[in-house]
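Since the structure comes first, as structure tokens, the remarks are kept for the end.
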Amino acid sequence: MTISTTTSSTTIWRATVLTLFPEMFPGPLGVSLAGKALASGLWALEARDIRDQATDRHRSVDDTPAGGGPGMVLRADVLAAAIDAAEIAPRRPRLLMSPRGRPLTQSRVRELAAGPGPLIVCGRFEGVDQRVIEARNLEEVSIGDYVLSGGEIAALALIDACVRLLPGVMGKVESGAEESFSEGLLEYPQYTRPQSFEGVPIPDILLSGDHAKVAAWRRTEAEALTRARRPDLWAARPNQARTKSTTDG
Ligand code: SAH
């Protein structure tokens, strides 16, 4: 199933997903900004059924784990055939959604969005045979330290994060530049009307019209939030971007 109206696929950002449940795509990526951009050909999505490559009578894609244990494992031969059948250009990244992978970050998302678009393999059951990971050079990517029942929701999350960075997808280019993680900081708090909500007003400074003061306030808030909630992010910030403060040591 290819969901794109565009025929010139040479430059368009494309996600090719290998899954046992192609009907899960585009799913939530078919609505809102990503969905409009998909419909207008700003990006392309191809969901391919791994089961199409099954060779036996039962169309089986999995088998019991060697060495014993619960569950089933996706077969290397079936998955390799699915990867090969997708005929992915060598320059496209080949990802395997996996809780064992390197945790996905906004900077990796930016790299993926700037490239031609990845092949994404979605695991199911207990995972996939190790040999296909190595033979097809799959980069394992995790979306966090918890276990999902399949790679599809993880793939949707990864694609969503990439697509919103593609040129023309988000309304304002700046909205990508100032948000969480863009400078190693979490985003400052946002407010909108009504001016008073359950007796709590919008901070005065945001209504002052003084852009420099607003920017300084937001910066201070973003830094305070990052230090309180994500000391790991705070510690990893490049020194030159760090504002000197008494607790920096
Ligand atoms: N037994 C495996 C978990 C398998 S979960 C283990 O303990 O590591 C089934 C599939 O869901 C995985 O193959 C992977 O594709 C997907 N998945 C589960 N959690 C994920 C996560 N945090 N990030 C990315 N993919 C995940």
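No value in this document is a laboratory result; all are computed from the given coordinates. Only a predicted model underlies this, so the values are computations on that prediction, with no experimental measurement involved. Positions of Cβ are backbone-derived with ideal geometry, glycine not excepted, and every protein chain shown enters the neighbour counts.
Tabulated data
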| item | result |
| --- | --- |
| Residue-averaged [θ]222 nm for the chain, counting only DSSP H segments that reach four residues, each worth -39500 (n - 2.57) | -8500 deg cm²/dmol |
| Cα-only radius of gyration and Dmax that characterise the chain, units Å | 22.0, 71 |
| Debye, to nearest 20: dipole size of the chain, +1 on Lys, Arg Cβ, -1 on Asp, Glu Cβ | 460 debye |
| Top positive-direction residue, dipole computed over the chain with Cβ charges, set P238, V109, P65 | P238 |
| Stretchable slack from S40 to T192, in nm (0.36 nm times residue separation minus alpha-carbon distance) | 51.6 nm |
| Helix 76-85 vs. the chain, principal-axis angle (Cα, 0 to 90°, nearest 10) | 70 degrees |
| Prolate/oblate/rounded label for the stretch 108-221 (Cα gyration tensor, a/c 1.5) | prolate |
| With Cα atoms, 0 to 90° folded angle of helix 211-229 axis to the chain main axis | 50 degrees |
| Residues whose placed amide H lies under 5 Å from that of E139, excluding near-sequence neighbours | R94, L95, L96 |
| Amide H contacts of G41 (H built 1.01 Å from N, under 5 Å, at least 5 apart or other chain) | T5 |
| Rounded, prolate or oblate (a/c below 1.5 giving rounded, otherwise prolate when a/b exceeds b/c) for the stretch 75-156 by Cα gyration tensor | oblate |
| Cα gyration tensor category, rounded, prolate or oblate, for the stretch 180-236 with a/c compared to 1.5 | prolate |
| Stretch gain in nm, segment I205-R230, where the contour uses 0.36 nm per residue and the Cα spacing is subtracted | 6.4 nm |
| Relative packing of peptides 117-125, 101-109 - highest average C-beta neighbours within 10 Å first | 117-125, 101-109 |
| Rounded tilt (10° steps) of 151-163 against the dominant C-alpha axis of the chain | 50 degrees |
| FRET efficiency, V214 to A66 (Cβ-Cβ, R0 51 Å, nearest 0.05) | 0.25 |
